Amino acid sequence: MTTYETILVETPVDGVGLIRMNRPQALNALNSQITHEIFTAMEMFDRDPSIGCIILTGSDRVFAAGADIKQMLDTTAITMMAGGDFTDWSRMTRIGKPIIAAVSGFALGGGCEIAMMCDMIIASETAQFGQPEINLGILPGAGGTQRLTRAVGKALAMEMCLTDRRLSADEAKHYGLVNAVYPIEVYLNEAIKLGQKVASLSQVAIRLTKDAVNKAFELSLQEGLNYEKRNFYLLFGTEDRTEGMSAFVEKRKPVWKHK
Ligand code: CAA
């Protein structure tokens, strides 16, 4: 059994694994220990057949206030390049199951970036998204300049990265950064409900769908369409495809085998 010091890991009902960042004294600042623990817990959920969806959350006050500035204070370009803490973040891009960020309060710097690495974002009304790295004399280093630009467009991403313009939850919804905004009392439950919906479906189809959508950020349109087609054809070799279509024709609910 893996023990963690900076996160809490829960397995609620109905196939949703929940990871709660828990460094309240540092507003969940993302040092190398917490990111290592988050990615380790995600990898364990990814291998666990009883889990169909992963939720990453913080507290009601703060999702995460960014990379740990105190840890970075004495870091040099050379130690960063030599395989420093941020190379670890690519582990999250290899998680095959959908990840939902449930965000309340500050999601700043690396906190905004780790939320954007998730597949969907559910926000509380108090959520605040921003890339304030420019105030520290640096730039977003965990995907902010790339994922934020793809999510909200060049003009707003530039403003956010160049001037520390922050987005309220409603603005984030308006610009397409988040899926939905709920009152603080219910945002986590709503994220869990969304996760349960995902977990109730064919996990093999879910995995290949996430994979195909993410390819839209990396491939040309024609390459992406070819990639989608291959995943589509692949699903015709699964028992779940036969079950899903048979259940539709027989007017009953499908029973997924996840294979
Ligand atoms: N790293 C380390 N410690 C942090 C932190 C961070 N990113 N953010 C907050 N903390 C610590 C504070 O130092 C403070 O600790 P002490 O009590 O020991 O002094 C504690 O958390 C509480 O913080 P505040 O007193 O500042 O709380 P506040 O409510 O007054 O302000 C805040 C909240 C606006 C989020 C403010 O803490 C803040 O601006 N934090 C930094 C945000 C930031 O610049 N993030 C980007 C980091 S760089 C990055 O993320 C690079 C990248 O792209 C990967």
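Going Cα to Cα from LYS173, which aspartates and glutamates come in below 15 Å? Please leave out same-chain ones fewer than 8 positions away.
ASP119, GLU125
Stretched out fully, how many nm does the piece from GLU5 to LYS197 gain, at 0.36 nm a residue minus the Cα gap?
66.1 nm
Counting only DSSP beta bridges with both residues in the chain, tell me the antiparallel percent, nearest 5.
Details: 6 of 28 bridges.
Percentage antiparallel, nearest 5: 20.
Once both axes come from the Cα atoms, what is the angle between helix 32-47 and the longest principal axis of the chain, in degrees from 0 to 90, rounded to 10?
Between helix and principal axis, roughly 0 degrees.
How large is the dipole of region 1-147 about the Cα centre if only Lys and Arg carry +1 and Asp and Glu carry -1, each at its Cβ, rounded to the nearest 20 debye?
Numbers: 9 positive and 16 negative charges, 25 e Å.
Using Cβ point charges on Lys, Arg, Asp and Glu, region 1-147 gives about 120 debye.
With the Cα gyration tensor of region 1-74 giving a ≥ b ≥ c as the square roots of its eigenvalues, does the rule (a/c under 1.5 for rounded; else a/b larger than b/c for prolate; else oblate) give rounded, prolate or oblate?
The shape class here is prolate.
Take the cross-link list LYS197/LYS257; LYS193/LYS251; LYS97/LYS251 and give me the ones stretching past 20 Å between alpha-carbons. Display every interim value, and only then the final one.
On the way: LYS197/LYS257 16 Å; LYS193/LYS251 25 Å; LYS97/LYS251 28 Å.
Pairs exceeding the cut-off: LYS193/LYS251; LYS97/LYS251.
Please list the non-local residues whose amide H lies under 5 Å from the amide H of ILE55, H modeled 1.01 Å from N, same-chain partners needing a gap of 5 or more.
GLY17, LEU18, ILE19, ILE100
Starting from the Cα of SER168, step 7 Å toward the Cβ, then list every residue of region 109-147 with an amide N under 19 Å from that point.
Zone members listed by number: 122-131.
Order ASP48, ASP68, most accessible first, counting only protein heavy atoms with a 1.4 angstrom probe. Mind dumping the intermediate values first?
Numbers: ASP48 50, ASP68 15 Å².
Highest to lowest solvent-accessible surface, that is ASP48, ASP68.
For VAL103, which sequence-distant residues (separation of 5 or more, or a different chain) have an amide H within less than 5 Å of its own amide H, given hydrogens modelled in the peptide plane?
ILE122, ALA123, SER124
Within region 195-227, find all residues whose amide N lies under 15 Å from a label point positioned 7 Å from the Cα of ASP14 along Cα-to-beta-carbon.
Of the residues in region 195-227, 195-202 have backbone N under 15 Å from the label point off ASP14.
At 222 nm, what helix-only mean residue ellipticity would the chain give, in deg cm²/dmol to the nearest 500, using -39500 (n - 2.57) for each DSSP H run of four or more?
Result for the chain, helices only: -11500 deg cm²/dmol.
GluC sites (Glu not before Pro) within region 111-215: which are DSSP loop residues with at most 13 other Cβ atoms inside 10 Å? Please list the in-between numbers first.
Details: sites: GLU113, GLU125, GLU133, GLU159, GLU171, GLU185, GLU190; in loops: GLU125, GLU185.
Here the sparse-neighbourhood loop sites are GLU185.
Length gain on complete extension for the stretch THR149 to TYR227, per 0.36 nm per residue less the alpha carbon to alpha carbon distance? Kindly include the intermediate steps, with their values, before the conclusion.
Values: separation 78, 0.36 × 78 = 28.08 nm, distance 2.36 nm.
Value of the extension gain: 25.7 nm.
Over the chain, what relative contact order in percent results from Cα pairs under 8 Å that are six or more residues apart? Kindly include the intermediate steps, with their values, before the conclusion.
Details: 453 pairs, mean separation 42.5, N = 259.
Contact order relative to length: 16 percent.
Taking a ≥ b ≥ c as the square roots of the Cα gyration tensor eigenvalues, with a/c under 1.5 meaning rounded and otherwise prolate when a/b beats b/c, else oblate, which class fits the chain?
Working: a/c = 1.70, a/b = 1.56, b/c = 1.09.
Prolate, because a/c is 1.5 or more and a/b exceeds b/c.
Just to confirm the number: angle between the C-alpha axis of helix 239-249 and the first principal axis of the chain, 0 to 90 degrees, nearest 10?
Helix 239-249 sits at roughly 60 degrees to that axis.
Using Cα atoms only, what is the angle between the long axis of helix 187-199 and the major principal axis of the chain, expressed in degrees (0 to 90) to the nearest 10?
Roughly 40 degrees between the two axes.
Going toward the positive end of the dipole of the chain, with +1 on Lys and Arg Cβ and -1 on Asp and Glu Cβ, which of ILE78, GLY52, GLN131 do you reach last?
Positive-end residue among those listed: GLY52.
Under a plain spin-label model, where a point goes 7 Å from the Cα along Cα-to-Cβ, how far apart in nm are GLU159 and PHE236?
4.8
Out of the GluC sites (Glu not before Pro) in region 211-259, which ones are loop residues according to DSSP with at most 13 other C-beta atoms within 10 Å? Spell out each step's value before the answer.
Details: sites: GLU218, GLU223, GLU228, GLU239, GLU243, GLU250; in loops: GLU218, GLU250.
Passing sites in region 211-259 are GLU218, GLU250.
The values are calculated or read from the model by the stated rules, or taken from the named source; none is laboratory data. All of these numbers come straight from a predicted model, not from anything done at the bench. Virtual Cβ from ideal backbone geometry, glycine too; neighbours counted across all protein chains shown. Areas reflect the complete protein model, heavy atoms only, side chains present, ligands, DNA and RNA absent. Shrake-Rupley method; radii C 1.70, N 1.55, O 1.52, S 1.80 Å.
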